[in-house]
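We did not get these values from a lab; they are worked out from the coordinates using the rules stated. Everything quoted here is computed from the prediction, not taken from an experiment. Reconstructed Cβ throughout: ideal geometry from the backbone, glycine too, with neighbour counts over all protein chains shown.
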Amino acid sequence: MIEVKNLTRKYGEHTAVDSISFNIEDGRIYGFLGPNGAGKTTTMNIITGCLSATDGQVIINGHDIFDEPVKAKKCIGYLPEIPPLYTDMTVLEYLRFVGRAKGLKRAQISASIPDVVAKTGLSDVTNKLIKTLSKGYQQRVGIAQAILGDPQIVILDEPTVGLDPKQIVEIRSLIKELGQKHTVILSSHILSEVSEICDEIIIISAGKIVASDSAENLMGRFNSHVIIEITVKGDPDRAAEALAGLDEVLEIEIDDSLTGGMSKLFVKADSDIRAELADILVQNGIAYISMNVERANLEDIFLKLTDNGGEAFTAEEDAAYAGTEENEEEEGDE
Amino acid sequence: MGAIFRKELRGYFTGITGYILTAIMLFMIGYYTVSYCFSYHYAVFEYVYASAVLVLLFFVPVITMRLFAEEKKQKTDRLLYSLPLKMSDIVLGKYFAALCVLALPCAVSAIYPLLLHSYGNFNFRLIYTTLACFFLLGAALTAICMFISLLTENQIAAAIISFVILLLNHFLNNILGVVPASVTAYTIITVVAIAIIGLLVWLVTKNGILADIVSIILLAALIAVRIIKPTIIEKVAGGILDKILLFDVFYIMVDGMLELSTVVLYLSVVVLFTFMSIQVLERRRWA
């Protein structure tokens, strides 16, 4: 478990990480999401002891990373943005070195290397020089290094950047697998990736946490209503009039720029009331071609949160949110 | 520390660096052995080491150049920082690996006087003291050059800067000998030395104010002395230089005068520069 309290990091006048606090619970996959330069890498570097903080505290399984760095680092496996590989070593030599540096016993090293190699799919290349491997394989060596010795927490900085689509899929499924045994923190600026892999999402923008929740909750929180898009044939005004009779309908917009006598209606409602809408249209003899629910997706939430430079929340929302956070985490544990 | 040591040592001998350097050093020692002992029939093996000292001028920069510069460039320093290692483990592991490369030709050449002793009267005590000092000198230079490697990101730059500094260390007294206006010359050297001290204070503490204060106090002292009694500068600076120029004290030792101060000087340089390397590595995370 990691506790981060009021972590601040300044580079001269520039504040890269601005007094952020969060807790990482055991056994879950966390995603750090944010545009480039938001402070993801800086935060990860501080948690892993590669960088010092200007202010604040990072406690890993009870060990302060600044006061007891060696003990804290033993709980962590880290893959930086650029995999830190000694390219003139073979995969096996490299993993042996990392094992020794992690303070593993000889027997532990010889027992855990085959395990890690199998997990990361490196069995065929163990005796090859790292510099001869493709980018995807090098990334796997980086991950193998991080999970060697079974650290409780695995931190991966942009693990899929620069890989081809097939490799991305493979690495993602590997990370999901890791999540069953380790606590995983990964960073990414790709939304679909984070929403696909992670249990919890922490959105960072301009050095501040602007949201931290599960993917569903995030979407739920920002979607108090749905918009139903209906394509009708015939008079759109008549359709709108009929639909407006429903209590749940909040607002209707008409787009009659379509050809072939068709128009689109955008019905804003509290919930998904497609069945009721269809009933009314049929009762009124209006022909409708299609009906879709449009939800604001994570993409919209992300843009909304990060565009404002972290001011998407008002102070009240922040306070309300801080209150709910703990409850949600407890739910997560159950 | 063991893991870093093994990795570095392996690094020297999986490539060609370790072999080539060992070969060159042994070749030069062999060459001087042939000239002194065979051609001139001198039974003074210590001169061989006295001449081989020049080889250290490039030997040491080459063994130290990649120690840290390469880690920084390949971004593998991130790995070292995130592994559960103390900064001293990293610095000492690397330092001892470099020392091993230096020790190899020293150890091999230690056999030569034994092989030759039936042909002449060798002063073994002097020879092996010279060898020990040769190694200590190399160790001190290695510590300095490792520190330089830590400050650069490019190993060629590290090698060149190291080489220039060692060269200056070797020839400074010769240069001063031919410069006529010696008070001015020593004043300039003292100013440079103060600048270096200020820079080192800043590198180790990352405290600009402290470095400025130290430099200003030293400069003020220098100016005061320069006004009151300029000849003192030559005397004091010259005296200190004679004591701290690493090569000069070695040559005095070869002539048969081993002073405790020589050994103390070499060991102090080793301790000072490894300590400063650890501090810089530690401070780098604050950068």
Peptide ranges B:262-270, B:3-11, A:206-214 listed from the most packed, as the mean C-beta count within 10 angstrom indicates: A:206-214, B:3-11, B:262-270
Tell me, how many Å apart are the Cα centres for region A:189-254 and for region A:1-54? 30
Here the convex hull volume per residue of the protein assembly as shown, taken over Cα atoms and given in Å³, is 226
If only Cα atoms are counted, what is the Rg of chain A, and what is its Dmax, in Å? 25.0, 80
D (Stokes-Einstein, µm²/s), Kirkwood Cα radius, region B:35-75, 1.306 mPa s at 10 °C: 126
Jot down the per residue volume, in cubic angstrom and as a whole number, of the convex hull over the alpha-carbon atoms of chain B. 137
Calculate for chain B the 222 nm mean residue ellipticity that helices alone would give, adding -39,500 (n - 2.57) per DSSP H run of length 4 or more and normalising by residue count, nearest 500 deg cm²/dmol. -28500 deg cm²/dmol
Can you pull the mean other chain C-beta count within 10 Å for peptide A:81-92? 4
Could you tell me, in Å, what Rg and Dmax come out for the Cα atoms of region B:179-244? 12.8, 39
Mind sorting B:Thr129, B:Thr33 by how few other Cβ atoms lie within 10 Å of their own Cβ, fewest first? B:Thr129, B:Thr33
If the cut-off is 16 Å between C-alpha atoms, which lysines fall inside it for B:Lys94, apart from same-chain ones fewer than 8 positions away? B:Lys7, B:Lys72, B:Lys86
Over what distance in Å are the Cα centres of region B:53-125 and region B:250-276 separated? 17
Take each uninterrupted DSSP H stretch in chain B, measure its Cα extent along the helix axis, and return the ones at 20 Å or beyond whose mean Kyte-Doolittle hydropathy is at least 0.0. B:17-33, B:46-73, B:87-109, B:124-151, B:155-178, B:182-205, B:208-228, B:230-244, B:260-284
Ordered by packing density, taken as the mean number of other Cβ atoms within 10 Å over each peptide's residues, highest first, how do B:98-105, A:130-137 rank? B:98-105, A:130-137
Of all alpha-carbon pairs in region B:1-142, indicate the percentage at a distance above 17 angstrom. 62
Averaged over A:40-52, number of beta-carbon atoms from partner chains that fall within 10 Å: 3
Test item: B:81-92 mean partner chain Cβ contacts at 10 Å: 6
Cross-link reach list, lysines versus A:Lys176, counting only Cα pairs under 23 Å and skipping chain neighbours closer than eight places: A:Lys40, A:Lys73, A:Lys74, A:Lys119, A:Lys135, A:Lys166
Whole-angstrom gap from region A:144-174 to region A:56-107, using each part's C-alpha centre: 15
Could you work out [θ]222 nm for chain A from helices alone, using -39500 (n - 2.57) per DSSP H run of at least four and dividing by all its residues? Round to the nearest 500 deg cm²/dmol. -11500 deg cm²/dmol
Over all Cα pairs of region A:240-301, the Kirkwood radius sets Rh, and Rg/Rh then becomes 0.98
Just A:Pro84, A:Pro69, A:Pro236 to compare: in a GNM of chain A, with alpha carbon springs under 10 Å, which one fluctuates most? A:Pro236
Compute the relative contact order of chain A as a whole-number percentage, counting only Cα pairs closer than 8 Å that sit 6 or more residues apart in sequence. 18
